[in-house]
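Have a look at the structure below, then the notes.
The values are calculated or read from the model by the stated rules, or taken from the named source; none is laboratory data. Keep in mind the model is a prediction, meaning the values are calculated, not measured. Cβ sites come from the backbone with ideal geometry, for glycine too, and all protein chains shown count toward neighbours.
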Amino acid sequence: MKICILMTALVSISLWIAFFSQRPAFASEEDARQAIAAPQYQANIATLGENLSVQAALEHILTLEPRTLSDLIEITEIPAPPFAEEHRAAHFADMLRRAGLSDVSIDDIGNVVGRRPGTVGDRTIALSAHLDTVFPLTTDVTVRTEGQRHFAPGIGDNSRGLIVVLTVLRAMEHAGLKTEADILFIGNVGEEGLGDLRGIKHLFRQGAEPIDSIIVVDGGSASRIVTGGVGSHRYRITYRGPGGHSWGAFGMANPHHALGRAISLFDQTALAVTREGPRTSYNIGRMGGGTSINSIPFESWMEVDMRSETQEKLDEIDAVFQLALQQALEEENREREYGPSLEVVIERVGTRPAAQGDRYSQLVQHAIAATLAFEIEPVLLSSSTDSNLPLSLGIPAVTISRGGQGGNSHSPYEWWENADGHVSIQIGLLILLAEAILAK
Ligand SMILES: [Zn+2]
């Protein structure tokens, strides 16, 4: 039934194509958020939809629904915090093998990489989802089901992403689909928190086997197509001094006071950066230090996150931050009455490059066309995902939805519901086939 709707949509695309004659242009930034597919890419997706083997694969995704859900529960119940993804990785590698891939390995850093050779093999296209969740090893990750809703930390972000990757493979194997390009089915480590994209950085490191383009599965609603990477810089800052008695040593430099000055200075000057231009943010997320109410602390620390849609703005807000740190240090040291001066230790704990992808690239256009084929209006946006890294290297990348509905992600009350979740898997399959070129 759903397939019939799909096929009607695909046929109607062929009709729409007649109405498009020129490369679309975005009149304003607001318009740019509305996605338009150029005719040739809509035609590619429509042609795929007319292929009987592709139809069999799309249909199989629907048939697989109960299996897809049991796969999801299985993988969700294996904890996978950043830097401790190995159990989930081993299991995911097995799942790929059992789904039909013979060439599956775990690389030096812990990424699961399964290669499905193409008939030509001159290009390599990756379909990837991150293995890690934000939750520590001790978190109870048992899936609890209430009606249609499944609750468990990490069930949506990104256990479901992994299952989308797996199910696309299952569907291709079932229908015997061959592609010209090699396809890598990947479960990568280190997307969340202090993982700092280490998995994806490793896959795109210098000297690695080249990946020509990558489709990342991570994110909610099926309409979302992430074409830009929100970059971030993250720091742990520590002001250090000798410390002492609050009464007896009064007049010595105080690390907490220096930290307070730094935050105040940064907050005042950062607004000039965030108020205009590409969206930029900053946040002091955690702070601490000190031994007791009546002691001058020997250290004061904070963790800071800055983000922007462009690298230029990210560098700008970072510069403002660095200035505030030094100015606060100088002020606190200058105003002390006696004792050693404070020092500030600046640790960079995260770097995600910001980069905007090309909305007219073949990959993005195929993603738009495949989404439209299901009569879903795509929304193009920037977000912080594994795509940031390839985009910053000029390699085509797009982040697509894991499908279904979910909520409370990054919280212990995370839930996911299979509301037409198969559609996102079908969209993923079509984008992958268009990009890797279905072999004749
Ligand atoms: Zn995620």
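If I go through region 146-186 residue by residue, how many of them are within 16 Å of the ligand (Cβ to nearest atom) and either in a loop (DSSP other than H, G, I, E, B) or of a type in the set (Asp, Glu) (or both)?
4
To keep it simple, each residue is scored yes or no on (1) within 16 Å of the ligand (Cβ to nearest atom); (2) without any contact (Cβ under 8 Å) to a residue 12 or more places away in the chain; (3) part of a loop (DSSP other than H, G, I, E, B); (4) touching a Phe, Trp or Tyr at 6+ places or on another chain (Cβ under 8 Å).
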{"site": "Thr351", "(1), (2), (3), (4)": "no, no, no, no"}
{"site": "Tyr360", "(1), (2), (3), (4)": "no, no, yes, no"}
{"site": "Thr371", "(1), (2), (3), (4)": "no, no, no, no"}
{"site": "Glu375", "(1), (2), (3), (4)": "no, no, yes, no"}
{"site": "Ser382", "(1), (2), (3), (4)": "yes, no, no, no"}
{"site": "Leu389", "(1), (2), (3), (4)": "yes, no, no, yes"}
{"site": "Gly394", "(1), (2), (3), (4)": "no, yes, yes, no"}
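Can you confirm whether Thr291 is under 24 Å from Glu332 (Cβ atoms), assigned to a loop (DSSP other than H, G, I, E, B) and of a type outside the set (Gly, Ala, Ser)?
So Thr291 fits the description; yes.
Condition check: among the small types (Gly, Ala, Ser), within 16 Å of the ligand (Cβ to nearest atom) and either surrounded by 12 or more Cβ atoms within 10 Å (Cβ to Cβ) or at pLDDT 95 or above (or both). Does Ser128 satisfy that?
In short, yes.
Hey, could you check region 187-222 for residues that are charged (D, E, K, R) and outside any helix (DSSP H, G or I) and say which is farthest from the chain's Cα centre (by Cα)?
Only one residue tops the list, namely Glu209.
Taking the criterion of being within 16 Å of the ligand (Cβ to nearest atom), in contact with a strand residue (DSSP E or B) (Cβ under 9 Å, 6 or more places away or on another chain), at pLDDT below 95 and assigned by TED's automatic domain parsing to the domain that holds His130, would at least one residue in region 199-216 satisfy it?
Checked region 199-216: no residue is within 16 Å of the ligand (Cβ to nearest atom), in contact with a strand residue (DSSP E or B) (Cβ under 9 Å, 6 or more places away or on another chain), at pLDDT below 95 and assigned by TED's automatic domain parsing to the domain that holds His130.
Of all residues in region 244-288, which are within 15 Å of Gln322 (Cα to Cα), among the polar types (S, T, N, Q) and touching a strand residue (DSSP E or B) at 6+ places or on another chain (Cβ under 8 Å)?
Answer for region 244-288, where residues must be within 15 Å of Gln322 (Cα to Cα), among the polar types (S, T, N, Q) and touching a strand residue (DSSP E or B) at 6+ places or on another chain (Cβ under 8 Å): just Asn283.
For region 7-25, state whether one or more residues are polar (S, T, N, Q), part of a helix (DSSP H, G or I), at pLDDT 95 or above and more than 21 Å from the chain's Cα centre (by Cα).
No, region 7-25 contains no residue that is polar (S, T, N, Q), part of a helix (DSSP H, G or I), at pLDDT 95 or above and more than 21 Å from the chain's Cα centre (by Cα).
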